[in-house]
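Colleague: Below are the structure tokens for one structure; questions will follow.
Where a number appears in this text, it was derived from the coordinates with a stated rule and is not lab data. In this text, all values refer to a predicted model and were calculated from it rather than measured experimentally. With ideal geometry, Cβ positions are generated from the backbone for all residues, glycine too; neighbour counts draw on all protein chains shown.
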Amino acid sequence: MTSHAFALPLIRRPMRRVLLFVAMHSEAEPIARALSLRGSPSLRHGTVGDAEIQLLTPTLDAVTGVDSIGPVHAAAALASMLGFLTHASGVGRPDLVVNLGTAGGFQAQGLGIADLVLARDTMFHDARVPLPGYEAVARAHTRLSLDEAQLASLATRLNARVGLASTGSSLDATTDELAQFAAHQTLAKDMELAALAVVCRAHDLPLIALKGITDLVDHHEPTHEAFLRNLKHTSDRLAAVAAPFLEFVTH
């Protein structure tokens with residue numbers, strides 16, 4: 001395994017303003033209901049304990065009507081919202097960015113459908129730039145903001161695994177990527193976390209993430225079929241633990 005090229009600030013409690021990023025509307029809706037958040041489908045707000053929560057979901061694509069998924073859309077949406085909250089809204093800069101969402105998991109690592117993964121670190125698995133220095137920037141292997149004691153305590157509380165969540169632009173995976181996942185003992189494969197980490201690093205903001213497994217990347221079933229079949233079940237599992245997860249990290 002390679003060492004982290006970058007690291008985000010650690011959590012320094014209390015965290016009173018939290019920006020919660022959820023990539024898809026079908027993931028966000030049960031979380032918003034569980035947390036009693038209100039507002040538009042793309043920006044909801046409310047409180048969990050003493051913390052103010054803003055739930056950001058990128059707007060649906062105007063041409064196709066589907067979710068604006070993938071690293072580019074995630075980074076653009078987060079960067080735009082951070083600018084708005086910091087300079088125009090009167091709400092102020094968030095203390096913490098949280099990513100809740102679904103991901104692929106790995107049978108070889110003992111994961112099953114609707115299992116939870118706490119991300120210790122993240123990177124881009126489909127960034128191949130074999131030039132000195134540029135490879136590290138392209139991979140953006142980043143240590144997230146929960147320390148080892150916090151990860152261990154939260155993992156026990158949520159019955160979650162702790163490890164790498166790797167980000168790419170595609171729902172499926174190539175043979176080379178599968179080999180890389182094995183080499184890094186990757187637990188989850190998503191389409192936004194590493195992009196969010198790049199934005200948070202630019203803004204010197206802490207970032208944490210919890211992923212729920214919808215499909216098994218190293219299983220013979222086509223990824224898109226498993227993802228669609230398990231999306232609601234896994235999103236409901238994330239929604240069920242959203243409040244205790246946020247209460248832990250904000251107190």
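Colleague: From the list Leu210, Leu216, Leu205, Leu193, which residue is in contact with a Leu (Cβ under 6 Å, 6 or more places away or on another chain) and not hydroxyl-bearing (Ser, Thr, Tyr)? Even if it seems obvious, please write down each step before you answer.
Modeller: Numbers: Leu216 fails: in contact with a Leu (Cβ under 6 Å, 6 or more places away or on another chain); Leu205 fails: in contact with a Leu (Cβ under 6 Å, 6 or more places away or on another chain); Leu193 fails: in contact with a Leu (Cβ under 6 Å, 6 or more places away or on another chain).
Within the list Leu210, Leu216, Leu205, Leu193, the selection yields Leu210.
Colleague: Among the candidates Glu177, Glu221, Glu247, Glu192, which residue alone is charged (D, E, K, R) and under 17 Å from the mean Cα position of the chain (by Cα)?
Modeller: None of the other options fit; the residue is Glu192.
Colleague: Residue by residue through region 55-108, note down the ones that are hydroxyl-bearing (Ser, Thr, Tyr) and within 14 Å of the chain's Cα centre (by Cα).
Modeller: Thr57, Thr102
Colleague: Starting from residues that are among the small types (Gly, Ala, Ser) and part of a helix (DSSP H, G or I), keep the ones in region 160-185 and report whichever is farthest from Leu205 (Cα to Cα). Full working, then the answer.
Modeller: First, the residues of region 160-185 that are among the small types (Gly, Ala, Ser): 160, 163, 165-166, 168-170, 173, 179, 182-183.
Pick out the ones that are also part of a helix (DSSP H, G or I) and you get 179, 182-183.
Numbers: Ala179: 32, Ala182: 30, Ala183: 29 Å.
If we take residues in region 160-185 being among the small types (Gly, Ala, Ser) and part of a helix (DSSP H, G or I), then Ala179 is farthest from Leu205 (Cα to Cα).
Colleague: Turning to a different aspect of this structure: Could you figure out which of (1) part of a loop (DSSP other than H, G, I, E, B); (2) over 13 Å from Ala108 (Cβ atoms) isn't true of Ala197?
Modeller: Condition not satisfied by Ala197: (1).
Colleague: I've got another one for you. Say whether the condition of being surrounded by fewer than 24 Cβ atoms within 10 Å (Cβ to Cβ), in a helix (DSSP H, G or I), touching a strand residue (DSSP E or B) at 6+ places or on another chain (Cβ under 9 Å) and of a type in the set (A, V, I, L, M) is met by at least one residue in region 201-222.
Modeller: No, the conditions are met nowhere in region 201-222.
Colleague: Within region 22-38, take every residue that is in a helix (DSSP H, G or I) and in contact with a strand residue (DSSP E or B) (Cβ under 7 Å, 6 or more places away or on another chain) and give me the one that is nearest to Met191 (Cα to Cα).
Modeller: Glu27
Colleague: What are the pairs, 6+ residues apart or on separate chains, where a residue within region 237-250 that is closer than 18 Å to Met15 by Cα has its Cβ under 9 Å from a residue that is basic (Lys, Arg) and assigned to a helix (DSSP H, G or I)?
Modeller: If the second residue must be basic (Lys, Arg) and assigned to a helix (DSSP H, G or I), the pairs left are Pro244/Arg157; Phe245/Arg157; Phe248/Arg157.
Colleague: I've got another one for you. Just give me the residues in region 160-180 being among the hydroxyl-bearing types (Ser, Thr, Tyr) and crowded, with 16+ Cβ neighbours inside 10 Å, in sequence order.
Modeller: Here is the first cut: in region 160-180, the residues among the hydroxyl-bearing types (Ser, Thr, Tyr) are 166-167, 169-170, 174-175.
The answer is Ser166, Thr167.
For (1) more than 22 Å from Leu171 (Cβ to Cβ); (2) polar (S, T, N, Q); (3) out of contact with any Phe, Trp or Tyr (no Cβ under 8 Å at 6 or more places or on another chain); (4) free of Cβ contacts under 8 Å to residues at least 60 places away in the same chain, each residue gets a yes or a no:
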{"position": "His25", "(1), (2), (3), (4)": "no, no, yes, yes"}
{"position": "Ala32", "(1), (2), (3), (4)": "yes, no, yes, yes"}
{"position": "Leu35", "(1), (2), (3), (4)": "yes, no, yes, no"}
{"position": "Arg38", "(1), (2), (3), (4)": "yes, no, yes, yes"}
{"position": "Pro41", "(1), (2), (3), (4)": "yes, no, yes, yes"}
{"position": "Ala51", "(1), (2), (3), (4)": "yes, no, yes, no"}
{"position": "Asp61", "(1), (2), (3), (4)": "no, no, yes, yes"}
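Colleague: What is the number of the single condition among (1) within 15 Å of Leu205 (Cβ to Cβ); (2) out of contact with any strand residue (DSSP E or B) (no Cβ under 6 Å at 6 or more places or on another chain); (3) aliphatic (A, V, I, L, M) that Leu19 does not meet?
Modeller: Only one criterion in (1) within 15 Å of Leu205 (Cβ to Cβ); (2) out of contact with any strand residue (DSSP E or B) (no Cβ under 6 Å at 6 or more places or on another chain); (3) aliphatic (A, V, I, L, M) is unmet by Leu19, namely (2).
Colleague: Can you tell me which residues in region 90-135 are touching a residue at least 40 places away in the same chain (Cβ under 8 Å) and among the hydroxyl-bearing types (Ser, Thr, Tyr)?
Modeller: Thr102, Thr122
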